[in-house]
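The next block holds one structure in the form of structure tokens; read it before the comments.
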Amino acid sequence: MKTTLIICIFVLGSWALYPGRAANLTYSKVTVLSDSIKLDPICKMKVQPSTVHKSTFNKQEYLFCSKGCKLKFDQNPEKYIKK
Ligand SMILES: [Zn+2]
């Protein structure tokens, strides 16, 4: 009787926890997409925040898709950040 009860709690517990976990995963994925992915100011490509091609100008960090874009930016940053 005791064992049945424990199994029952386990099944109910995993049923209750699993959808929550799945929803959390979806939520963090959406957050990463909207907040952390930046645009390369040179070619307007989306850049992963983990990129090694970065530059800081006016205390603002810019991310680049490649070394080439970073070099172009470094040579004339103001040209690329003008709105
Ligand atoms: Zn680029």
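Table for the structure above
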{"item": "Where a residue in region 46-58 is assigned by TED's automatic domain parsing to the domain that holds residue 74 and closer than 16 Å to residue 68 by Cα and its partner, wherever it lies, is acidic (Asp, Glu) and surrounded by 14 or more Cβ atoms within 10 Å (Cβ to Cβ), with Cβ under 8 Å and at least six apart", "result": "46/40; 47/40"}
{"item": "Subset of region 38-62 (residues that are among the aliphatic types (A, V, I, L, M) and either over 15 Å from residue 81 (Cβ atoms) or at pLDDT 95 or above (or both))", "result": "42, 45, 47, 52"}
{"item": "Search result, residues across region 51-83 that are more than 12 Å from the ligand (Cβ to nearest atom), open to solvent by 40 Å² or more (accessible area, probe 1.4 Å) and part of a helix (DSSP H, G or I)", "result": "74, 75, 78, 79, 81"}
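The values are calculated or read from the model by the stated rules, or taken from the named source; none is laboratory data. All of these numbers come straight from a predicted model, not from anything done at the bench. All Cβ positions, glycine included, derive from the backbone under ideal geometry; neighbour counts span all protein chains shown. Calculation scope for accessible area: heavy atoms of the full protein, side chains included, ligands and nucleic acids excluded. Shrake-Rupley method; radii C 1.70, N 1.55, O 1.52, S 1.80 Å.
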